[in-house]
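Encoded as structure tokens, the structure appears first; notes follow it.
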Amino acid sequence: MLQSPLQLSHHYWMAKALQLARRGFYSTAPNPRVGCLVVKQNACVAQGWHEYAGGPHAEINAIHSQSIESGSCFYITLEPCFHEGKTPPCVDRLIELKPSCVVIAMQDPNPLVAGKGIAKLKEVGIEVICGVLEADARLLNVGFISRMEQKRPFLRVKMATSLDGRTALANGISQWISSEPARVDVQHLRASSSAILTSARTVLEDNPSMNVRLSSEDLGQSVDVRQPVRIIIDSRLCLTGKETIFNIPGQVWVVTTNTSKEAHKPLIESGAEIIVLDQMQESERVDLSQLMQYLALREINEIHTECGKKLAGELMSQQLVDEVVLYLAPCFLGNQAQGLFDLGELTQMKDRVNCIINDVRTIGKDIRLTLTPEYI
């Protein structure tokens with residue numbers, strides 16, 4: 001069915017607003033990425049986006065950028081906020097400007113808003129159109145939406161693998177399977193995340209930094225680079241606090257089932273925060289589902305995971321993985337090398353984990369696959 005010119009116009013301007021929202025892609029957490037465009041007589045008269053948490057929202061930045069006449073149309077990628085938080089409610093400021101129409105990509109999943117902003121606009125006679133390019137808006141904020149709707153962060157597992165599905169040699173050496181362009185691409189994935197998750201085993205074997213090594217210029221933003229929280233699962237507290245990950249700027253959270261204050265002491269002295277959670281039934285390992293719920297309460301939107309096959313397999317088996325990013329290097333490591341996900345022994349094909357392929361592209365010499373697991 002053909003769309004009317006008016007509908008096409010709404011889609012055109014909303015696409016522009018979504019482009020604005022992406023300018024805050026690496027800097028707004030734990031807030032959502034939001035863009036706002038103001039149109040009058042089929043021309044853009046003002047625009048803004050949310051740049052960083054605690055700063056003005058997209059609507060306010062747009063309003064402050066230019067003088068806006070009444071009767072304008074606002075295109076906003078997320079429902080205007082209704083509640084008083086670190087900033088005043090945006091919906092009240094919009095009403096003061098008397099727009100003829102407010103076009104919204106999607107309703108805010110935050111229970112503090114959840115349609116209240118839309119209802120208030122309608123109560124004063126402002127036309128509201130909601131749902132324009134909603135799928136694109138949801139993709140832009142998968143972490144924020146997951147935290148609000150599922151009460152857990154969106155979790156991504158990143159792996160670099162050979163053509164025969166191997167991530168490291170039998171002796172543990174894994175540097176470097178993927179190419180330099182692929183490793184730079186991973187830096188952007190880290191930068192877009194609220195937290196980077198790994199295991200104590202990976203820290204002890206690889207001694208990684210797990211930080212973002214890109215500049216503000218690299219990320220195309222004017223604000224400082226936001227370092228994700230580095231989260232290490234260390235059920236038995238094997239770490240010493242002297243590993244590299246503790247000696248670079250940024251927060252480190254160590255998650256454990258060990259309640260010993262004496263065992264906590266060296267890690268606390270290294271600057272880490274210790275989080276003690278319940279262990280899984282008949283196991284000393286951290287309860288991963290409980291961890292995800294806890295991290296949502298700590299306002300973690302997106303988790304980028306770089307770990308070995310054991311933790312990756314546990315996350316997948318418990319259906320906590322929302323996305324897999326796989327860098328496929330053009331090489332073979334042989335059947336003695338280490339694999340991807342430790343899922344235990346599968347004896348029936350029906351127990352396999354199928355995936356939807358969302359994206360395939362070449363990064364340097366490697367192929368990057370973006371996958372969504374399909375859980376039964």
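Please treat every number below as a calculation from the coordinates, not as lab data. Because the structure is a prediction, the values reported are computed rather than measured. Here Cβ is always computed from backbone atoms with ideal geometry, including for glycine, and neighbour counts include all displayed protein chains.
Quick notes on this one:
- Loop sites here are GluC sites (Glu not before Pro) outside DSSP states H, G, I, E and B with no more than 15 other Cβ atoms within 10 Å. The longest part of the chain free of them is 85-281.
- For semi-axes √(5λ) of the Cα gyration tensor in Å, calculated from these coordinates, the label among (1) 41, 24, 19; (2) 49, 19, 17; (3) 30, 26, 22: (1)
- Overall form of segment 5-140 per C-alpha gyration tensor (a/c, 1.5; a/b vs b/c): rounded
- Highest-fluctuation residue, D234, D185, D366 considered, GNM on the chain with Cα pairs under 10 Å: D185
- Straight Cα distances below 19 angstrom link K365 to the aspartates and glutamates D164, E180, D185, with same-chain residues fewer than 8 positions distant left out.
- In this structure, the pairs whose alpha-carbon distance is over 32 Å, taken from K116/K158; K265/K310; K98/K151; K40/K122, are K116/K158; K98/K151.
- Residue separation of R93 and S317 scaled by 0.36 nm, minus their Cα-Cα distance, works out to 75.9 nm of gained length.
- Taking 7 Å steps out from each Cα toward its Cβ at S209 and M349 produces label points 4.6 nm apart.
- Mean ellipticity per residue at 222 nm, deg cm²/dmol - from DSSP H runs of n ≥ 4 across the chain, formula -39500 (n - 2.57): -8000 deg cm²/dmol
- I275 versus S260: modelled label distance in nm, points set 7 Å from Cα along the beta carbon direction: 2.3 nm
- Once backbone amide H atoms are built at 1.01 Å from N, V45 has V38, V39, K40 as its partners under 5 Å, excluding neighbours fewer than 5 places away on the same chain.
- Longest exposed-site-free window of the chain, the sites being chymotrypsin sites (Phe, Trp or Tyr not before Pro) in a DSSP loop that have at most 13 other C-beta atoms within 10 Å: 1-175
- Full extension of the chain segment joining D342 with V142 gains 69.4 nm, where the gain is 0.36 nm per residue of separation less the Cα-Cα distance.
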